[in-house]
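Participant: This is the structure I have questions about; it appears just below.
The values are calculated or read from the model by the stated rules, or taken from the named source; none is laboratory data. Just so you know, these numbers come straight off a predicted model, no measurement behind them. Here the Cβ positions follow ideal geometry from the backbone for every residue, glycine too, while neighbour counts run over all protein chains shown.
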Amino acid sequence: MKLRIAVIGCGGICNEYGRDILNHHESLTLIGATDLDLSRAETFCQRFGGRVYADLDEILDDLEVDVVLNLTIHKVHFELNRRALSAGKHVFSEKPMALTHVEAKELGDLARKTNCRIAAAPITFLGEGIQTVAKLLKKDLIGHLRLVYAEVNWGQINRWIPAPASYFAIGPLLDVGVYAITALTFLLGPVRKVWGYSTILQNPRIGTGGQEFPVTAPDFTMGMLEFESGVVARVTTNYYVPTAHQRHLRGFEFHGDEGTLSISDYHDFSAICQLIPYGEPGVNIPLLREPDAPMDRAIGLVELAQAIRDDRPHQGSAEHAAHVIEIMEGLQISADRSEKKAIHSRFAPSPLVEWARDLEPVIAKKD
């Protein structure tokens, strides 16, 4: 079965999706796209194939469309995802699929009511790096895990993104903190409590064309996450610190009683994993397998197609995405009120992807 995809929103990220969808032609087919600026949809379809739809309504009326791939700006994700599900279409949404937990839960409920699927980016936890970490954490190599550091340093994105104002209207926590929090909850399960701090470091900012624009959401948020297991994680998100200046570009450090396990980049499928026994030099651990590419935007769509074909739950459930959104929303509420915030939602963590289940990491023995 091929999943027939129509794209809404043909901004910068659409080219990566288009490229990767074509690379998975055995399970995905791109049948068209639309955008508020139809010239952008025309350019996209000329490059990757498919027809130009006049608007979302025309996509929703097309019986050939199986799934709506929502690549629009953050603030309209919920409404467009809701419309697509209501029309009986499956949905794959760029992150986050909604801006509040109430909205995210509504989307999950609607998907069940309409017998449709909704999945959302980020899908980086499906990559070789995080799948390898998941295996390593189960091996008790670092003793009792108690503390995690997560770095989400995304640099001054206004220096290279053509239209950055919308990003600074929601901030790095919702835009890119979602990568780290989704991967951590996949690895460690649900969070029960959060507390956060946020501020605006630099206001106004200057865009690529020299125009000045206001920063209306915090461009720095630091949060503490307390997992049900008792593990505590510190997550730092910002649109300020260049990733190139960090030892772990966008990485995790898992600290246990007997050592540390690190991954250099939770966003990169080909990241470096390292085991550092307490008081000893670190040793690199090969990934379970070599990835085909550092990032595959279409892998979540491929997994969704396989789940529909096999009539099983898909990876990255709506409940998981909603839990992550409640965490991010809770961190901002905590920062605003200077108090801890309980997280009430729960989800069933996804299993390892099929290819990873029978593979074991190769750990060098000490001399």
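Participant: Yes or no: residue 43 under 24 Å from the mean Cα position of the chain (by Cα) and β-branched (Val, Ile, Thr)?
Facilitator: On the way: under 24 Å from the mean Cα position of the chain (by Cα): no; β-branched (Val, Ile, Thr): yes.
Criteria not met by residue 43.
Participant: Check whether at least one residue in the stretch 323-332 is closer than 22 Å to residue 74 by Cβ and acidic (Asp, Glu), and report yes or no. Break it down stepwise before answering.
Facilitator: So in the stretch 323-332, the residues closer than 22 Å to residue 74 by Cβ come out as 323-332.
Checking the rest, the ones that are also acidic (Asp, Glu) come to 326, 329.
Yes, some residue in the stretch 323-332 is closer than 22 Å to residue 74 by Cβ and acidic (Asp, Glu).
Participant: Restricting attention to the stretch 166-174, does a residue exist that is more than 14 Å from the chain's Cα centre (by Cα), aromatic (Phe, Trp, Tyr) and in the same structural domain as residue 283 (by TED's automatic domain parsing)? Show your work before the answer.
Facilitator: Step one: filter the stretch 166-174 for residues more than 14 Å from the chain's Cα centre (by Cα), giving 166-171.
From what is left, the residues that are aromatic (Phe, Trp, Tyr) are 167-168.
So of that shortlist, the ones also in the same structural domain as residue 283 (by TED's automatic domain parsing) come out as 167-168.
Yes.
Participant: Another question, if that's okay. Given the condition at pLDDT 95 or above and in a loop (DSSP other than H, G, I, E, B), answer yes or no: does some residue in the stretch 322-332 qualify?
Facilitator: Filtering the stretch 322-332 down to residues at pLDDT 95 or above leaves 322-332.
Cutting the leftovers down to in a loop (DSSP other than H, G, I, E, B) gives us none.
Checked the stretch 322-332: no residue is at pLDDT 95 or above and in a loop (DSSP other than H, G, I, E, B).
Participant: Here is a follow-up. Sort through 254, 269 and tell me the only one that's surrounded by 15 or more Cβ atoms within 10 Å (Cβ to Cβ), among the aromatic types (Phe, Trp, Tyr) and either assigned to a helix (DSSP H, G or I) or in contact with a strand residue (DSSP E or B) (Cβ under 7 Å, 6 or more places away or on another chain) (or both).
Facilitator: Values: 269 fails: either assigned to a helix (DSSP H, G or I) or in contact with a strand residue (DSSP E or B) (Cβ under 7 Å, 6 or more places away or on another chain) (or both).
Going through 254, 269 in turn, the sole match is 254.
Participant: Let me ask you something else. Is one or more of the residues making up the stretch 54-69 of a type outside the set (Lys, Arg), surrounded by fewer than 24 Cβ atoms within 10 Å (Cβ to Cβ) and modelled with pLDDT under 95?
Facilitator: No, the conditions are met nowhere in the stretch 54-69.
Participant: Sticking with this one: I need the full set of residues from the stretch 164-175 which are surrounded by fewer than 21 Cβ atoms within 10 Å (Cβ to Cβ) and without any contact (Cβ under 8 Å) to a residue 60 or more places away in the chain, in order please. Explain how you work it out, then say what you get.
Facilitator: Looking only at the stretch 164-175, we keep the residues that are surrounded by fewer than 21 Cβ atoms within 10 Å (Cβ to Cβ), and these are 165-166, 169-170.
Matches in the stretch 164-175: 165 only.
Participant: Just a yes or no: is a residue in the stretch 81-94 under 17 Å from the mean Cα position of the chain (by Cα), modelled with pLDDT under 95 and not small (Gly, Ala, Ser)? Give the steps one after another, and end with the answer.
Facilitator: Quick first cut of the stretch 81-94, residues under 17 Å from the mean Cα position of the chain (by Cα) only: 81, 91-94.
Cutting the leftovers down to modelled with pLDDT under 95 gives us none.
Looking through the stretch 81-94, none of the residues is under 17 Å from the mean Cα position of the chain (by Cα), modelled with pLDDT under 95 and not small (Gly, Ala, Ser).
Yes/no per residue for (1) touching a residue at least 40 places away in the same chain (Cβ under 8 Å); (2) part of a helix (DSSP H, G or I); (3) in contact with a strand residue (DSSP E or B) (Cβ under 7 Å, 6 or more places away or on another chain):
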position	(1), (2), (3)
304	yes, yes, yes
316	yes, no, yes
334	yes, yes, yes
346	yes, no, no
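Participant: Please state which one of 131, 156 is touching a residue at least 12 places away in the same chain (Cβ under 8 Å), touching a Leu at 6+ places or on another chain (Cβ under 8 Å) and among the polar types (S, T, N, Q). Break it down stepwise before answering.
Facilitator: Working: 156 fails: touching a Leu at 6+ places or on another chain (Cβ under 8 Å).
Testing whether each residue is touching a residue at least 12 places away in the same chain (Cβ under 8 Å), touching a Leu at 6+ places or on another chain (Cβ under 8 Å) and among the polar types (S, T, N, Q) leaves just 131.
Participant: Among the residues in the stretch 305-314, are any crowded, with 21+ Cβ neighbours inside 10 Å, assigned by TED's automatic domain parsing to the domain that holds residue 272 and at pLDDT 95 or above?
Facilitator: The answer is no; no qualifying residue exists.
Yes/no matrix, rows are residues, columns are (1) modelled with pLDDT of 95 or more; (2) in the same structural domain as residue 168 (by TED's automatic domain parsing); (3) under 17 Å from residue 153 (Cβ atoms):
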site	(1), (2), (3)
197	yes, yes, yes
207	yes, yes, no
227	yes, yes, no
230	yes, yes, no
234	yes, yes, yes
244	no, yes, yes
248	no, yes, yes
251	no, yes, yes
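Participant: Ok, one more. Out of the strands (runs of 3 or more DSSP E) lying entirely within the stretch 83-157, which hold 1 or more residues that are within 15 Å of residue 315 (Cα to Cα) and small (Gly, Ala, Ser)? Spell out the reasoning first.
Facilitator: Values: elements: 90-93, 118-120, 145-153.
So the answer is 90-93, 118-120.
Participant: Just a yes or no: is a residue in the stretch 176-197 in contact (Cβ under 8 Å) with a residue 60 or more places away in the chain, of a type outside the set (A, V, I, L, M, F, W, C), farther than 25 Å from residue 131 by Cβ and part of a loop (DSSP other than H, G, I, E, B)?
Facilitator: Scanning the stretch 176-197, I find no residue that is in contact (Cβ under 8 Å) with a residue 60 or more places away in the chain, of a type outside the set (A, V, I, L, M, F, W, C), farther than 25 Å from residue 131 by Cβ and part of a loop (DSSP other than H, G, I, E, B), so the answer is no.
Participant: Of the numbered conditions (1) over 19 Å from the mean Cα position of the chain (by Cα); (2) surrounded by fewer than 17 Cβ atoms within 10 Å (Cβ to Cβ), residue 346 fails exactly one; give the number of that condition.
Facilitator: (1)
Participant: Which of (1) crowded, with 18+ Cβ neighbours inside 10 Å; (2) over 19 Å from residue 267 (Cβ atoms) does residue 188 not meet, given it meets every other one?
Facilitator: (2)
Participant: What are the residues in the stretch 5-46 that are surrounded by 15 or more Cβ atoms within 10 Å (Cβ to Cβ) and modelled with pLDDT under 95, if any?
Facilitator: 11
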